[in-house]
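Enquirer: Okay, here's the structure, questions in a sec.
The values are calculated or read from the model by the stated rules, or taken from the named source; none is laboratory data. Everything numeric here is computed off the predicted structure, so don't read it as measured data. Please note: Cβ atoms are built from the backbone with ideal geometry, for glycine as well, and neighbour counts cover all protein chains shown. Remember, those area values only see protein heavy atoms, side chains included, never the ligands or the DNA or RNA. Shrake-Rupley method; radii C 1.70, N 1.55, O 1.52, S 1.80 Å.
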Amino acid sequence: REKMTMMGETWSHIGSLIASIMFLWAMFENYFPYHLRNSILSYSMKLASFVYPYINITFNEFIGDSDEYMGLKRSDAYAAIETYLSGKSSREARNLKAVDVKDSSQPVQLSMDENEGVTDEFKGVKLSWTVKKNTTRTQSFSIFPQIDEKKYYMLTFHKSHRDLVCGTYINHVMQKGKEIMVSNRQRKLYTNNPSKNWERYKARKWSHVTFEHPTTFDTLALESKKKLEIVNDLEKFSKGKEYYTKIGKAWKRGYLLHGPPGTGKSSMIAAMANHLEYDIYDLELTTVKDNTELRRLLIETTGKSIIVIEDIDCSLDLTRQRKNEKKKAKDEEAKDPISEVTKGEEDSNSKVTLSGLLNFIDGLWSAIGGERIIVFTTNYMEKLDAALIRKGRMDKHIELSYCGFEAFKVLAKNYLDVVSHPLFATIGHLLEETNITPADVAENLMPKSLNEDAEACLKKLIEAIKTAKEEATKKAEEEARLKAEKEEKEKLEATQADVKIDESLAKDVKENGVEVVKDDKVKENGVTA
């Protein structure tokens, strides 16, 4: 009974002590001046540091005063830490929660629940990570509700390791977390939206779909030597961040893909993106109003991406011929005011200039972000301005020409799963004599019914190549005939012009008392010269 009485008294004293502490704390919070209160807390923390030798660093989930849905940004550091700790959390933590991850190949990511913690080790030093949550009861008259719960990660470590953690470890966590996010992300294919929609609520300059193009360098119809050359160039670029920094050059590279239609320029871009695991930005220049909008679109692109402008020769007035045609069109419009009015709206749609495009790919704005590849494609390289495709802008020119025998064998393996066949020799001989694109070869190799086997498809291809050869021969003969007719016509016109000149000369001579006779002899006053 005495023990029970003593225990009751002890609990009574403890309760009174707790109540006193709470009363004093309430008085301290409510009645002490703000500056005095901060000074007392600061000195208290210093005194506590002698007893508690650990340092805490917090990483908040959101940056600002409201959540992302209301316009705030989720902290990139918080997301990187969450991704970095995901593997450890799934192995060590008792209480886990599933987090939805947007645009990722792993749509669900396991992370620690509130008040859970894991231990990490870096260079022999153990560090502790804990998930915490603050609950606030602030009242706001805003039409948007404020966040009541704010989560954060807390990193705890001994103060003797401050330099290691602040100088190296945090950067290590950010880098590894972002690398995991990149490897897990779903790659995207972007296209630019018309600028008239940019100012709408939640409008974006780029819209995207998931990039799922299956082409790789293994399935690309191209000579193996050229493939290896391109792959080595791409890998050198992707691993060249420190090198580009050392030489003082923006971390970007330009590729010009040129060749006839159907030779695999789009497939080459897809293979490049799949090999490097980059996103693709398909830039449609005709919807861009001016150079300023072009720069704004560039700013919105991310690293690890390929910016593509297809058929660049059709996108802007980049040739002297087009400039002359434009001048001629303006002269015609000056004569026809109605035509000028009807075409005025069309002409004002895009005012992107060659200088603006050059600044986009090689100027100051091109250095924003880094790790970007810019690809131009064209069917007519000779039409492009030399300033646009010089080295340093389009660093590597890749010609994609007609299908050769090595490219055919790749297509035969892809479409028919055939690596050798007696008909290959005939096809190889025909390909040496005939220009046919890989797209046409692939179309003929693709079985059109369940009854078509490999041999039937190869025979169909042989007939298609023979037909293409005959058509090419007829076309060449027709071109030769037209050329001969043109030369004959020009010769006839030149002869007629000479006759007119002779007649005119004879008339003038006769009027002046000089007579022209045959064999270029001139008779004047009865005397033959």
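Enquirer: Does region 325-344 include one or more residues that are at pLDDT 60 or above and either closer than 30 Å to Met272 by Cβ or surrounded by fewer than 17 Cβ atoms within 10 Å (Cβ to Cβ) (or both)?
Expert: Within region 325-344, none of the residues are at pLDDT 60 or above and either closer than 30 Å to Met272 by Cβ or surrounded by fewer than 17 Cβ atoms within 10 Å (Cβ to Cβ) (or both).
Enquirer: Run down Leu505, Leu492, Leu450 and say which single residue is among the aliphatic types (A, V, I, L, M), loosely packed, with under 10 Cβ neighbours inside 10 Å and at pLDDT below 90.
Expert: Only one candidate passes the filter, namely Leu450.
Enquirer: Keeping to region 62-85, report how many residues are modelled with pLDDT of 85 or more and exposed (fewer than 15 other Cβ atoms within 10 Å of the Cβ).
Expert: 1
Enquirer: Which residues, counting only those in region 370-390, are among the aromatic types (Phe, Trp, Tyr) and over 27 Å from Ser238 (Cα atoms)?
Expert: Tyr380
Enquirer: Can you report the number of residues in region 194-209 which are touching a strand residue (DSSP E or B) at 6+ places or on another chain (Cβ under 9 Å) and either touching a residue at least 40 places away in the same chain (Cβ under 8 Å) or open to solvent by 80 Å² or more (accessible area, probe 1.4 Å) (or both)?
Expert: Counting residues in region 194-209 that are touching a strand residue (DSSP E or B) at 6+ places or on another chain (Cβ under 9 Å) and either touching a residue at least 40 places away in the same chain (Cβ under 8 Å) or open to solvent by 80 Å² or more (accessible area, probe 1.4 Å) (or both) gives 4.
Enquirer: Among the residues that make up region 427-437, is at least one of them open to solvent by 20 Å² or more (accessible area, probe 1.4 Å), within 27 Å of Ala273 (Cα to Cα) and touching a helix residue (DSSP H, G or I) at 6+ places or on another chain (Cβ under 7 Å)?
Expert: no
Enquirer: If you scan region 448-471, which residues turn out to be within 37 Å of the chain's Cα centre (by Cα) and without any contact (Cβ under 8 Å) to a residue 24 or more places away in the chain?
Expert: Result: Lys448, single match.
Enquirer: What residue, among those in region 88-97 that are out of contact with any Leu (no Cβ under 9 Å at 6 or more places or on another chain) and free of Cβ contacts under 8 Å to residues at least 24 places away in the same chain, is nearest to Val182 (Cα to Cα)?
Expert: Step by step, filter region 88-97, then rank; the result is Arg91.
Enquirer: Of everything in region 196-237, what is under 22 Å from Asn184 (Cβ atoms) and touching a His at 6+ places or on another chain (Cβ under 9 Å)? Give them in sequence order.
Expert: Within region 196-237, Thr216, Leu234, Glu235 qualify.
Enquirer: Could you pull out every one of the helices (runs of 4 or more DSSP H) wholly within region 220-282 that has 3 or more residues that are open to solvent by less than 60 Å² (accessible area, probe 1.4 Å) and touching a Pro at 6+ places or on another chain (Cβ under 9 Å)?
Expert: Of the helices (runs of 4 or more DSSP H) lying wholly inside region 220-282, those with at least 3 residues that are open to solvent by less than 60 Å² (accessible area, probe 1.4 Å) and touching a Pro at 6+ places or on another chain (Cβ under 9 Å) span 265-276.
Enquirer: Any residue in region 377-385 that is farther than 17 Å from Leu283 by Cβ and at pLDDT below 85?
Expert: no
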